[in-house]
């Protein structure tokens, strides 16, 4: 079944109301590796209820619409869907607990051709339930490997990837991931069996369950906070990344960082396997 371009573009998503607690914020932070040093008060600020702070990447799990591509009305070959890019922009400070509403919509579908698939971009606006204030905008690009050549537009592709400088990194940070990292992270809402069930993972072409891409993105943000911002979450305004290879739980992730004014470029490498897992990374800051 081929996708219906116009029908998919106009697909309606019901608003999702999400009440999240301090416990949820702590669980998310633990899922991306905060608290590895129990004597570091900078990390404890994100995993201890006394003076608890929200991580800047928290919006990626708020009002999450779930794996809707699997629904039969989409026509998407969901087994061949790949999470290609992710970004978020913060419009207001996030509290470690609250009630929000997520408004999700598909913003573009770009036909790369029958052999190359299609790119689908979706956007989620997260607003505060009480005030209606816009807190964050979360965007995701998915590669629909089995759905190209449906006759859709061949222009309007997502923006070109951010270019990382060619000079030596200004800083780098190595962070280990736990063998059970995916089992912890999935408790924040992404229960795709690819990340827990060996049979499902092998059916998708992997030797074992892989780590969530959004968890890897969180680890990279943690690395930037640690190496450049002394764990000050308020420095980060937005973040964008391209997923280039899967991470295996237990990998050590090295994030290389370049700082040019208010823009931080980065890439992340799985050290033991010497594989670049995140590329074209960009963090916009508000340092001044």
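On the given criteria, is residue 218 modelled with pLDDT of 95 or more, closer than 21 Å to residue 87 by Cα and buried (at least 17 other Cβ atoms within 10 Å of the Cβ)? Yes, satisfied.
Residues that are modelled with pLDDT of 95 or more and out of contact with any helix residue (DSSP H, G or I) (no Cβ under 8 Å at 6 or more places or on another chain) were ranked within the range 48-63; the one that is nearest to residue 234 (Cα to Cα) is 59. Exactly one residue among 280, 224, 204, 233 is on the phi < 0 side of the Ramachandran plot and modelled with pLDDT of 95 or more, and that residue is 224.
Looking at the range 196-210, can you tell me whether even one residue there is within 15 Å of the chain's Cα centre (by Cα), within 24 Å of residue 45 (Cβ to Cβ) and surrounded by 17 or more Cβ atoms within 10 Å (Cβ to Cβ)?
Residues of the range 196-210 within 15 Å of the chain's Cα centre (by Cα): 210.
Checking which are within 24 Å of residue 45 (Cβ to Cβ) leaves us with none.
No, that holds for no residue.
Of the strands (runs of 3 or more DSSP E) lying entirely inside the range 55-144, the ones with 1 or more residues being touching a strand residue (DSSP E or B) at 6+ places or on another chain (Cβ under 9 Å) and farther than 29 Å from residue 29 by Cα are found at 98-113, 117-128, 134-144.
Scanning the range 11-35 for residues that are part of a loop (DSSP other than H, G, I, E, B) and free of Cβ contacts under 8 Å to residues at least 60 places away in the same chain gives 12, 14, 35. The criterion of at least 1 residues that are touching a helix residue (DSSP H, G or I) at 6+ places or on another chain (Cβ under 7 Å) and farther than 24 Å from residue 137 by Cα is met, among helices (runs of 4 or more DSSP H) falling completely within the range 181-274, by 181-185, 198-203.
Within the range 230-239, can one find any residue that is buried (at least 20 other Cβ atoms within 10 Å of the Cβ) and not assigned by TED's automatic domain parsing to the domain that holds residue 36? Yes, there is a match, as at least one residue in the range 230-239 is buried (at least 20 other Cβ atoms within 10 Å of the Cβ) and not assigned by TED's automatic domain parsing to the domain that holds residue 36. Evaluating residue 96 against the criteria (1) within 27 Å of residue 246 (Cα to Cα); (2) assigned by TED's automatic domain parsing to the domain that holds residue 29 leaves one unmet condition, (1).
Residues that are exposed (fewer than 15 other Cβ atoms within 10 Å of the Cβ), modelled with pLDDT under 90 and not in a strand (DSSP E or B): does the range 160-175 have at least one? Checked against the condition, which is being exposed (fewer than 15 other Cβ atoms within 10 Å of the Cβ), modelled with pLDDT under 90 and not in a strand (DSSP E or B), the range 160-175 yields at least one hit. Residue 72 falls short of the stated requirement of being modelled with pLDDT under 95 and either closer than 27 Å to residue 237 by Cβ or in contact with a helix residue (DSSP H, G or I) (Cβ under 6 Å, 6 or more places away or on another chain) (or both).
Hey, among the residues in the range 36-47 that are surrounded by fewer than 16 Cβ atoms within 10 Å (Cβ to Cβ) and part of a loop (DSSP other than H, G, I, E, B), which one's modelled with the lowest pLDDT?
Of all residues in the range 36-47, those surrounded by fewer than 16 Cβ atoms within 10 Å (Cβ to Cβ) come to 36-42.
Restricting the remaining residues to those that are part of a loop (DSSP other than H, G, I, E, B) gives 36-40.
Values: 36: 93, 37: 91, 38: 87, 39: 93, 40: 94.
Applying the filter and picking the extreme gives 38.
The values are calculated or read from the model by the stated rules, or taken from the named source; none is laboratory data. The structure presented is a predicted model; accordingly, all values stated were derived computationally and were not measured. Positions of Cβ are backbone-derived with ideal geometry, glycine not excepted, and every protein chain shown enters the neighbour counts.
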